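Colleague: Got a structure for you, written out below as structure tokens; questions coming shortly.
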Amino acid sequence: MKLTAKSIIRRYSCPRTSKDSPSSFYSWEETQVMMKHNPSANFIQNKSQTIAIKGISSLNYPYQLIDSAADLETALQPFLAAKLIGIDCETEGGIDAYRAKIRLVQLAIPNHPVVIVDLAAIDSADLSPLRQVLRGDALKVGHNLKFEWMMLTQAGLKPSRPFFDTYLAYRVLTAGLKRNLSLEAVTAQLLKIKLDKQLQTSDWSGELTSAQLQYAATDAAIVLSLRTVLKRRLKQASLWETALLEFACLPAVASMELNGMLLDKEQWQANGHQLEAQRDALSKALSSLQIPSLTKQISLLPEYTPSINLRSPKQVLAALQAQGIPVNSTNTQTLIPLANEYPVIQALLNYRSLSTRISTFTLGLPQHIHPITGRIHPNWFQIGAKSGRFSCREPNLQNIPRDRETRQCFKAASDRVLLKADYSQIELRIMAKVSGDKRMIAAYSNGEDLHKLTASLVLGKSLSDINSESRQLGKIVNFGLIYGMGAKKFKNTAQAEYGVILTLEEASRFRQRFFESYSGIKQFHALVRREWSQGKRVSRTLGGRRRLWSKDSKPLLNEMLNNPVQGLSADITKLALAKLFAPLNKTRAKLICVVHDEILIECSVTEVEPVKALLQHCMVWAGNQFLAPVPCEVEIKMLNSWGD
């Protein structure tokens with residue numbers, strides 16, 4: 001993929017002093033920004049460099065309050081010709097896009113007072129000039145624009161691309177590091193300007209004070225200064241293309257959060273009752289497994305004996321050891337290898353799993369059903385994982401159990417269906433690309449079944465002798481070993497995630513044969529391992545996305561191995577969403593969920609075929625931008641529920 005910017009800014013570099021010095025050297029551009037907005041600040045200039053003294057605290061941007069339809073068109077006239085516009089909103093009633101409403105819309109352009117539009121004073125029918133500006137071709141700049149996009153869309157003022165989100169830009173720049181991403185923190189870090197955010201949660205519903213209006217103006221104007229610095233730093237770090245991808249994907253993510261997913265509450269509760277019954281049955285089974293402790297028999301379960309708290313690792317460990325089980329820890333990874341030999345261990349693991357599932361999902365998920373929409377609207381984080389993948393919270397729909405009974409509770413609305421699109425073996429295809437493994441690339445190019453091929457290679461059988469059980473083993477080997485698992489972890493993973501029991505000898509033999517068969521992957525692992533041993537603390541995808549590790553945090557080897565794969569998977573999915581957004585908006589279909597390499601759309605029955613074709617085209621196109629010559633394949637299913 002090759003995304004290019006339309007313009008390149010000039011770079012002026014000045015050395016900075018150490019962080020302990022009372023002053024710091026800034027670039028020419030950064031200092032001009034600060035001098036412009038802080039004319040009273042103390043600056044020292046000479047012919048070779050510009051020095052800005054830290055400690056700037058107050059900003060006073062000129063602004064114009066527009067509270068009548070008559071003034072709106074005149075005030076926004078200069079904005080129609082602007083090439084970039086800083087935007088921000090102040091809301092009353094919270095931040096819920098369905099219950100809160102916008103009070104102020106702030107617009108900022110260079111060398112012009114910030115225009116603050118009071119929506120409470122202007123009828124919606126008279127906002128055409130504002131709609132024209134927001135839907136124009138100017139670059140819209142803001143911090144966490146997902147929120148502005150949702151609020152403006154709900155107010156009938158949907159902004160159009162292109163966007164520059166300083167929140168996403170800073171996240172791209174610092175991915176992998178723990179950073180405060182608030183506007184206050186980013187401004188302090190990049191501009192050395194301290195914003196006063198005390199009025200952020202003030203009452204915006206009544207008569208507004210001059211301090212509130214100045215606060216609102218500052219939030220819209222400061223992002224233009226941040227953009228200047230972030231754009232230069234992104235380009236210096238070769239991250240500009242990654243940032244452009246994130247900006248292009250932004251409205252798709254915002255619309256997904258606004259659309260939400262439909263949960264059948266009654267079916268969910270019925271499913272929950274079944275899980276509780278399974279847990280209770282398991283409780284009884286565990287209670288019959290008596291464990292001697294001193295002179296009496298005790299149960300593992302607190303329902304039957306108050307002397308043991310199943311949530312107490314110390315008590316559970318003592319109980320297991322009293323039964324003669326050679327275990328020194330009760331964490332899951334320690335217990336899994338023993339589960340096949342000791343039924344009480346497997347029962348304990350099952351009980352834990354059910355208990356967690358019931359408390360997290362069965363009881364917790366219905367609480368997130370929105371009272372207005374009747375749907376669940378999680379908070380989507382576009383760069384939620386350090387690799388660049390999505391994450392979501394409140395609730396985490398990406399972590400919904402994959403069993404059919406659970407996912408069948410997520411349904412399409414009346415007269416609609418779900419289109420579930422999955423990239424076929426995307427992580428293996430990416431590994432083939434990044435490692436250049438000739439055998440794997442040839443297999444995909446020839447349309448071979450890679451799982452069957454791997455099974456035949458590690459088992460020493462011909463392809464014709466590989467049955468479904470053997471193919472499953474090949475699948476486990478493929479997904480287990482591309483990230484460099486050792487034999488012991490591979491053995492445990494096969495049992496925990498697939499229910500396949502392997503001896504340590506078998507796991508070691510399969511691992512050895514896998515890397516002998518795919519020498520390109522072996523060489524790729526060796527290269528990454530060598531760089532890791534030399535202290536490398538940065539990883540990039542083929543698309544240029546970067547992950548950093550701090551000086552105090554050495555990466556794990558498996559992190560260095562999986563980041564190029566999982567990060568590129570994120571690049572591909574986001575490029576597909578960016579391409580999909582505009583044409584999908586011309587239909588009645590809705591993007592409702594993304595789980596790694598899976599895209600879920602709710603679609604009218606009458607539009608299934610065209611939307612399906614559109615989804616197929618966008619996803620395959622995005623994959624081909626990165627994976628060629630490895631072919632990209634996508635499987636799309638039409639479903640009534642997520643679990644069908």
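Colleague: Out of (1) part of a loop (DSSP other than H, G, I, E, B); (2) within 28 Å of Val538 (Cα to Cα); (3) in contact (Cβ under 8 Å) with a residue 24 or more places away in the chain, the odd one out for Val186 is which?
Modeller: (1)
Colleague: For region 58-86, give me each residue that is closer than 13 Å to Val117 by Cβ, open to solvent by 30 Å² or more (accessible area, probe 1.4 Å) and touching a residue at least 24 places away in the same chain (Cβ under 8 Å).
Modeller: Scanning region 58-86 gives Tyr63, Gln64, Leu65, Asp67, Ser68, Ala69, Glu73.
Colleague: May I ask you to verify whether Ser641 is surrounded by 23 or more Cβ atoms within 10 Å (Cβ to Cβ), polar (S, T, N, Q) and either under 12 Å from Tyr423 (Cβ atoms) or touching a strand residue (DSSP E or B) at 6+ places or on another chain (Cβ under 6 Å) (or both)?
Modeller: Values: surrounded by 23 or more Cβ atoms within 10 Å (Cβ to Cβ): no; polar (S, T, N, Q): yes; either under 12 Å from Tyr423 (Cβ atoms) or touching a strand residue (DSSP E or B) at 6+ places or on another chain (Cβ under 6 Å) (or both): yes.
So Ser641 fails the test.
Colleague: Scan region 321-378 residue by residue and report those that are of a type in the set (S, T, N, Q) and in a loop (DSSP other than H, G, I, E, B).
Modeller: Of the residues in region 321-378, the ones of a type in the set (S, T, N, Q) are 321, 323, 328-334, 340, 346, 350, 353, 355-356, 359-360, 362, 367, 373.
Once the filter is applied, which keeps residues that are of a type in the set (S, T, N, Q) and in a loop (DSSP other than H, G, I, E, B), region 321-378 yields Gln323, Asn328, Ser329, Thr330, Asn331, Asn340, Thr373.
Colleague: Touching a residue at least 12 places away in the same chain (Cβ under 8 Å), under 23 Å from Lys146 (Cβ atoms) and among the charged types (D, E, K, R): does that describe Arg404?
Modeller: Values: touching a residue at least 12 places away in the same chain (Cβ under 8 Å): yes; under 23 Å from Lys146 (Cβ atoms): no; among the charged types (D, E, K, R): yes.
Against the criterion (touching a residue at least 12 places away in the same chain (Cβ under 8 Å), under 23 Å from Lys146 (Cβ atoms) and among the charged types (D, E, K, R)), Arg404 does not qualify.
Colleague: Considering each of Lys586, Lys574 in turn, give the residue that is open to solvent by 50 Å² or more (accessible area, probe 1.4 Å) and modelled with pLDDT of 95 or more.
Modeller: Values: Lys574 fails: open to solvent by 50 Å² or more (accessible area, probe 1.4 Å).
Residue meeting the stated conditions: Lys586.
Colleague: Also: Tally up the residues in region 594-609 that are closer than 15 Å to Asp644 by Cβ and assigned to a strand (DSSP E or B), please.
Modeller: Total satisfying the criteria: 5.
Colleague: Additional query: Of all the helices (runs of 4 or more DSSP H) wholly in region 426-498, which have at least 2 residues that are in contact (Cβ under 8 Å) with a residue 60 or more places away in the chain? Walk me through how you get there before you give the answer.
Modeller: Details: elements: 426-435, 438-445, 450-459, 468-481, 487-498.
Qualifying helices (runs of 4 or more DSSP H): 426-435, 438-445, 450-459, 487-498.
Colleague: Now for a separate question. Return the residues of region 369-378 that are within 29 Å of Gly567 (Cα to Cα) and open to solvent by 30 Å² or more (accessible area, probe 1.4 Å); say none if nothing qualifies.
Modeller: Quick first cut of region 369-378, residues within 29 Å of Gly567 (Cα to Cα) only: 376-378.
Residue satisfying the conditions is His377 alone.
Colleague: Which one is nearest to the chain's Cα centre (by Cα), of the residues in region 336-368 that are modelled with pLDDT of 90 or more and open to solvent by 40 Å² or more (accessible area, probe 1.4 Å)?
Modeller: His368
Colleague: Mind listing whichever residues of region 610-644 are part of a helix (DSSP H, G or I) and either farther than 27 Å from Pro564 by Cα or aromatic (Phe, Trp, Tyr) (or both)?
Modeller: Looking only at region 610-644, we keep the residues that are part of a helix (DSSP H, G or I), and these are 610-627.
Listed by number, the residues that qualify are Pro610, Val611, Lys612, Ala613, Leu614, Trp621, Phe626.
Colleague: Considering only residues that are open to solvent by 80 Å² or more (accessible area, probe 1.4 Å), touching a helix residue (DSSP H, G or I) at 6+ places or on another chain (Cβ under 7 Å) and either in contact (Cβ under 8 Å) with a residue 60 or more places away in the chain or not basic (Lys, Arg) (or both), which ones fall in region 524-534?
Modeller: none
Colleague: Take region 596-622 and flag every residue that is in contact with a Ser or Thr (Cβ under 9 Å, 6 or more places away or on another chain) and modelled with pLDDT of 95 or more. Show your work before the answer.
Modeller: If we filter region 596-622 for residues that are in contact with a Ser or Thr (Cβ under 9 Å, 6 or more places away or on another chain), which is where we start, we get 596-599, 603-604, 607, 610-611, 614, 619, 622.
Once the filter is applied, which keeps residues that are in contact with a Ser or Thr (Cβ under 9 Å, 6 or more places away or on another chain) and modelled with pLDDT of 95 or more, region 596-622 yields Glu598, Ile599, Cys603, Ser604, Glu607, Pro610, Val611, Leu614, Met619, Ala622.
Results for (1) surrounded by fewer than 19 Cβ atoms within 10 Å (Cβ to Cβ); (2) under 29 Å from the mean Cα position of the chain (by Cα), shown as yes or no for each residue.
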| position | (1), (2) |
| --- | --- |
| Ile466 | no, no |
| Leu473 | no, no |
| Ile482 | no, yes |
| Leu542 | yes, yes |
| Arg547 | no, yes |
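Colleague: Can you tell me which residues in region 399-457 are crowded, with 21+ Cβ neighbours inside 10 Å and at positive phi?
Modeller: Correct list: empty.
Colleague: From the list Gln200, Gln236, which residue is open to solvent by 30 Å² or more (accessible area, probe 1.4 Å) and at pLDDT 95 or above?
Modeller: Values: Gln200 fails: at pLDDT 95 or above.
Only one candidate qualifies: Gln236.
Colleague: Checking Leu282 against (1) at pLDDT below 75; (2) among the aliphatic types (A, V, I, L, M); (3) in contact with a helix residue (DSSP H, G or I) (Cβ under 6 Å, 6 or more places away or on another chain), which single condition isn't satisfied?
Modeller: Leu282 satisfies all of (1) at pLDDT below 75; (2) among the aliphatic types (A, V, I, L, M); (3) in contact with a helix residue (DSSP H, G or I) (Cβ under 6 Å, 6 or more places away or on another chain) except (1).
Colleague: Out of the residues in region 379-397 meeting the condition of being open to solvent by less than 30 Å² (accessible area, probe 1.4 Å) and outside any loop (DSSP other than H, G, I, E, B), tell me which one is farthest from Ser553 (Cα to Cα).
Modeller: So the residue we want is Leu397.
Colleague: Restricting region 491-521 to residues that are at pLDDT 90 or above and within 30 Å of Leu575 (Cβ to Cβ), which is surrounded by the fewest Cβ atoms within 10 Å (Cβ to Cβ)?
Modeller: Ranking the qualifying residues of region 491-521, first place goes to Gly520.
Colleague: Go through region 319-334 residue by residue and tally those that are surrounded by 14 or more Cβ atoms within 10 Å (Cβ to Cβ) and touching a Ser or Thr at 6+ places or on another chain (Cβ under 8 Å).
Modeller: The number of residues fulfilling the criteria is 3.
Colleague: Now, a different point. What do you reckon, is Val538 more than 26 Å from Glu257 (Cβ to Cβ), loosely packed, with under 15 Cβ neighbours inside 10 Å, modelled with pLDDT of 95 or more and not hydroxyl-bearing (Ser, Thr, Tyr)?
Modeller: Yes.
Colleague: Can I ask one more? Restricting region 555-592 to residues that are basic (Lys, Arg) and in contact with a Cys (Cβ under 9 Å, 6 or more places away or on another chain), which is nearest to Ala487 (Cα to Cα)?
Modeller: If we filter region 555-592 for residues that are basic (Lys, Arg), which is where we start, we get 574, 579, 586, 588, 590.
The next check asks that each one be in contact with a Cys (Cβ under 9 Å, 6 or more places away or on another chain); those that pass are 574, 579, 588, 590.
Working: Lys574: 34, Lys579: 41, Arg588: 50, Lys590: 44 Å.
Filtering first and then ranking leaves Lys574.
The values are calculated or read from the model by the stated rules, or taken from the named source; none is laboratory data. Only a predicted model underlies this, so the values are computations on that prediction, with no experimental measurement involved. In this analysis, Cβ positions are derived from the backbone assuming ideal geometry, glycine residues included, and neighbour counts consider all displayed protein chains. SASA here: full protein model, heavy atoms, side chains in, ligands and nucleic acids out. Shrake-Rupley method; radii C 1.70, N 1.55, O 1.52, S 1.80 Å.
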